[in-house]
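Nothing in this text is a laboratory measurement; each read-out follows from the coordinates by a stated rule. No experiment lies behind these values; they were computed from the predicted model shown. Glycine gets a Cβ as well: all are built from the backbone with ideal geometry, and neighbour counts include every protein chain shown.
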Amino acid sequence: MKIEFTRSGGFANIPMTVRIDTAAMPAAAARDLEAKIAAAGFFGLPASIGANAQLRDAHTSTITVTSPEHAHTVTITGEAPAAVQALIDHLVRAARDARAAGRSSG
């Protein structure tokens, strides 16, 4: 499964990006991420979730997940349902880790 995550906006408007291929991850970490995608019902989500994109200081996150069976992109502005937020939080941590390691832009 391949995941691309971007986030922009917020008070500081510091963009972040990370690309993840679960096939290149340790098995337990890949299962954890894939479980968060499943718990969010990602492939059944609408293309857009949340507040108006013009909302001041709101983060806008775009997540694209590609699996052998599906490809889907969701843009989330502001608040998200709990399971989707758990996925976003996981991807934010991954983006920060990748930035710290110099592996990703953003």
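Things worth noting here:
- Label sites at Thr62 and Ser8, each approximated as a point 7 angstrom past Cα along Cα to Cβ, lie 0.7 nm apart.
- When shorter helices are ignored and each DSSP H run of at least 4 residues is given -39500 (n - 2.57), the per-residue value for the chain at 222 nm works out to -10500 deg cm²/dmol.
- For log10 I(q)/I(0) by the Debye sum over Cα atoms at q = 0.09, 0.17 Å⁻¹, the candidate list reads (1) -0.28, -0.87; (2) -0.21, -0.77; (3) -0.19, -0.68; the entry that matches the value derived from this model is (2).
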